[in-house]
Structures are given as structure tokens and as C-alpha cells.
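The values are calculated or read from the model by the stated rules, or taken from the named source; none is laboratory data. What you are looking at is a predicted structure, and each value in this text was computed from that prediction instead of being measured. Quick reminder, even Gly has a Cβ in these numbers, built from the backbone with ideal geometry, and neighbours come from all protein chains shown.
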Amino acid sequence: MFALNLPAFEYKIRQDQGKHRIFDRLRRKFVTLTPEEWVRQHFVNYLIEEKGFPPGRMCNECNIILNGLKRRCDTVLYDAFLKPLVIIEYKAPSITVNQAVFNQIAVYNMVLKVHYLIVSNGLNHYCCRMDYENQKVEYLETIPNYIDL
């Protein structure tokens, strides 16, 4: 697929009905392999293996209701009380991460009210911390480890 700015890992790919599928360890099934899915699987692996995010508290393609419409967050991390803590949005490596991408994730956050937003296209990764008390957004230099969230 594409070389990414993420650690390599041992993924499982198979061909099914003429489509390539990759195993999603969170959903525990094979899903259609798209450039965005390639980024998601690498990033989820990075969060679990490098940043200590517990896979049992992560959900891929998490459904939310926004203004009466169903939407799906790419990945949501929950805290120990199953309250949403982080929303992660993925884009294909060919997509530039810009303000429109942050606007998309900010809209999802109107529903979930998480403390962290992460965006990645596999090449560039951005993380910001929401400070609701002071109504500010702080952009972080790195993705924090789970224990620091």
C-alpha cells in the first residue's frame, strides 16, 4: 500500500470477492482495505503498542447521532468509566490535514465532548487537548501516552 510515518506491524490481508481486506483487531473482523483503512490499522497498532492505549477501551467506526443524523467517528477511546476521552480521525495519505478535517472532528466533538482530538493521514499526526474551562484548544507536540491522558 503506502509507506507511512508509523511503526510497521504484522497485519493480515486477504482477498475476498475481488477486494483486499485487512484484519481490524478492534472490530475482530476483516474490513475492506482502503488507503484510509491502511492508516487506521497502523495508527491503532501504534496507539496500542507504543502509547499503551488499551484495545478494550477503543472502538473503530463508533456511531453517534448528530442533529438527528447517524455519523461515525473513525476511532473513539473511552476512559475507565466508558466516557469518551479521545476522538481520532483518519485520512488517506494523499489527503492534506487542514482546517476542514479539524472542523469535521470538532463537529463530532459537539456530541462526545472529549478531552483530546487526534487527526492523522499516516504521514502527519496532530493532537490537541480541549480546555473547556478556559474555552481553549492546546495543540500538543506529540501524541500523549495513555497514562498521561
Selected residue (criterion: surrounded by the most Cβ atoms within 10 Å (Cβ to Cβ)) from residues of region 112-126 that are over 22 Å from Ser94 (Cα atoms) and out of contact with any Lys or Arg (no Cβ under 8 Å at 6 or more places or on another chain): Val114
Please state which one of Arg129, Arg21, Arg71 is in contact with a Ser or Thr (Cβ under 7 Å, 6 or more places away or on another chain), more than 21 Å from Pro7 (Cβ to Cβ) and surrounded by 13 or more Cβ atoms within 10 Å (Cβ to Cβ). Arg21
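Residue-by-condition table, conditions (1) part of a strand (DSSP E or B); (2) modelled with pLDDT under 95:
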residue: Arg21; (1), (2): yes, no
residue: Ile48; (1), (2): no, no
residue: Thr75; (1), (2): yes, no
residue: Glu89; (1), (2): yes, no
residue: Phe102; (1), (2): no, yes
All-but-one check, Glu138 against (1) outside any loop (DSSP other than H, G, I, E, B); (2) out of contact with any helix residue (DSSP H, G or I) (no Cβ under 8 Å at 6 or more places or on another chain); (3) without any contact (Cβ under 8 Å) to a residue 40 or more places away in the chain; (4) under 23 Å from Leu26 (Cβ atoms), failing number (4)
